[in-house]
Amino acid sequence: MATITVKPNGPYLVVGADIVDAQGRTFSYDASKPVALCRCGASANKPFCDGSHQRIGFKAEETAETARGG
Ligand code: FES
């Protein structure tokens, strides 16, 4: 089962999922290991996180309860 973990003030951490672009092409990576996807918009290596969220001071601390409105 694929999992996506929302990291506080950081990327989406993905395990066990294919990552596909808008044309349906799969990004090449080792799906057996966690990979971080950028959600701050500052990465120079999108869709992957390159650590730039730390440099820009990205803030986002959503939890499942707030994301679902509970
Ligand atoms: S979340 Fe890490 S560079 Fe955007």
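The values are calculated or read from the model by the stated rules, or taken from the named source; none is laboratory data. Note that the structure is a prediction, hence the values are computed from the model and not measured. With ligands, DNA and RNA removed, areas are computed over all heavy atoms of the protein, side chains included. Shrake-Rupley method; radii C 1.70, N 1.55, O 1.52, S 1.80 Å.
Restricting the calculation to alpha carbons of the chain gives Rg and Dmax of 12.9, 37 angstrom. The mean accessible area for residues of the range 1-64, using a 1.4 Å probe and ignoring ligands and nucleic acids, is 67 Å² per residue. Taking Phe27, Phe58, Phe48 in turn, the Gaussian network model of the chain (Cα-Cα springs below 10 Å) assigns the largest fluctuation to Phe27. Using a Gaussian network model of the chain whose springs link C-alpha atoms within less than 10 Å, name the residue from Ala42, Ala22, Ala60 with the highest mean-square fluctuation. Maximum among the listed residues: Ala22.
Going from most exposed to least, what order do Arg39, Arg25 have by accessible area with a 1.4 Å probe?
On the way: Arg39 45, Arg25 140 Å².
Sorted by accessible area, descending: Arg25, Arg39.
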